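Right, one structure below, let's go through it.
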Amino acid sequence: MLVCLLHFPARADEKIPAYLIRLPASVKTVFVAETSAAGFHRFDNEAGLEIDYIGSSSMSIGENGDGKQRSGDRKTPLGIYFVTEQLDTSRLHEKYGRTAFVLDYPNAIDRRLRRSGDGIWVHGVDPRGGERPIRDTDGCIALPNATLEMIEDRFFPNITPVVIGRKVRWVEPGQIDELRSELDAAISQWGSSMKRGDMHTFLSLYDADFRHWGMNKTEWIAFRARTLGTRSFENVTISDVLLLADPAEDEIYLSRFRLRTEEASNTVELTKRLYWRRTGPGALTIIAEDSG
C-alpha cells in the first residue's frame, strides 16, 4: 500500500530541475551541483508544499573534470548521492576548510557500472587561499567557507540528496507529472504484490539484467523466493517517497522510501532504494536496489 505521496508543486512561473520528480516533507533541501557551470545550487522544500530556488555558489570539482570511473582518476562523480556524515576537519589538512560532508559514492548504479573509489566529500577551502580554481580537487566538491557556513545546517545525514550533473535541465512543473504518476504506479505495484505474496508479479518488476550482492537475476529470484515466498504479510506500507531522475544515465530513476512490513509477530521498518529503468513505452523495471 502506498501512502503519504506528496506532490512537487512549484510556482507556475518558474521552471524546476528535471531531476526533482517528488520531494517528501522530510527532505528539507536538495543540492544540485552543475559541473559545466561550476555552480552549486540550493533548493529548499517547505513541508512538501513548495520548492524554492534559494541561490547558487561557485564550486571546485576534480582536477580532471567529472564522470568518475575509478579510484584515483581525480574526477568528480555524476549521479544521485546522499550525505552520510559530517566530518570534523580541525585535524585535517587546511584545504578541507571549515567542515566536510561525506557522500555515499559509489552508489548502487556506480557499483553496477563497476565504478570504483571512495572519499567523495563536499568540503570547504583553505581559509588562507580563498576561492579555488574550477578544477582543483581530488574528485570532491569544494565550496567557499562562507557558503558552507550559511548552508551547514541544511545537510542532514542519510536524508539530504546531492545531485551532481553536467548541466541542469530545467522543465515546466507540469512536464514531470506523467513520469511521477508512472513511478508512483510502479512502486505501488511493487508494494501491493509483496503484501499479496504474488511473487510472479513482484519478480516481474525486476529487469533481466538486475544485479544485487553479486547475484544475477536468476540467483536473486531463488534467494527472494526463499526469503519472501514463505512469509505472510498483514500489511505493507510505503511512505515518505523521494523520486529523483539520474542526471547522467538516461531513463534511470531513483525511488527512496520508508518501507514498513507487518506480520503476525513482527514489524520491520527500513529505508529502501529502488533504481528503475525505462525499457519501453510505459515500462519501468528495477535494475538495482539498496537500503538506507
Open item on the list: Condition first: within 15 Å of the chain's Cα centre (by Cα) and not hydrophobic (A, V, I, L, M, F, W, C). Now tell me which residues in the range 86-111 satisfy that.
Closed with: Asp104, Tyr105, Pro106, Asn107, Asp110, Arg111
Task: Enumeration of residues in the range 135-172 that are crowded, with 17+ Cβ neighbours inside 10 Å, over 25 Å from Ser90 (Cβ atoms) and more than 20 Å from the chain's Cα centre (by Cα) - done: Arg135
Open item on the list: Which count do you get for residues in the range 164-191 that are farther than 30 Å from Glu219 by Cα, in a helix (DSSP H, G or I) and not basic (Lys, Arg)?
Closed with: 8
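Each row is one residue, and each column tells you yes or no for (1) out of contact with any helix residue (DSSP H, G or I) (no Cβ under 7 Å at 6 or more places or on another chain); (2) within 19 Å of Thr237 (Cα to Cα); (3) aliphatic (A, V, I, L, M).
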| residue | (1), (2), (3) |
| --- | --- |
| Trp170 | yes, no, no |
| Gln175 | yes, no, no |
| Ala185 | yes, yes, yes |
| Ser193 | no, yes, no |
| Phe202 | no, yes, no |
- [ ] Return only the number of the condition from (1) in contact (Cβ under 8 Å) with a residue 60 or more places away in the chain; (2) surrounded by fewer than 17 Cβ atoms within 10 Å (Cβ to Cβ); (3) under 22 Å from the mean Cα position of the chain (by Cα); (4) more than 16 Å from Val83 (Cα to Cα) that Leu205 does not satisfy.
- [x] (2)
Open item on the list: I'd like the full set of residues that are more than 18 Å from Gly72 (Cβ to Cβ), crowded, with 19+ Cβ neighbours inside 10 Å and of a type in the set (A, V, I, L, M, F, W, C), limited to the range 120-134.
Closed with: Val122, Val125
Task: Among (1) buried (at least 17 other Cβ atoms within 10 Å of the Cβ); (2) in a strand (DSSP E or B); (3) not polar (S, T, N, Q), the one test that Gly117 misses - done: (2)
Task: Residues being of a type in the set (D, E, K, R), free of Cβ contacts under 8 Å to residues at least 12 places away in the same chain and over 30 Å from Lys167 (Cβ atoms) - total across the range 211-260 - done: 3
Open item on the list: As an exercise: evaluate Ala288 against (1) crowded, with 17+ Cβ neighbours inside 10 Å; (2) over 30 Å from Lys28 (Cβ atoms) and give the number of the one condition it does not meet.
Closed with: (2)
TODO: Only one of these is out of contact with any Leu (no Cβ under 6 Å at 6 or more places or on another chain), under 18 Å from Arg273 (Cβ atoms), outside the structural domain of Pro281 (by TED's automatic domain parsing) and free of Cβ contacts under 8 Å to residues at least 24 places away in the same chain: Val163, Val102. Name it.
DONE: Val102
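The values are calculated or read from the model by the stated rules, or taken from the named source; none is laboratory data. Remember, predicted model here, so these are calculated numbers, not experimental data. Positions of Cβ are generated from backbone atoms using ideal geometry, with glycine treated the same way; all protein chains shown enter the neighbour counts.
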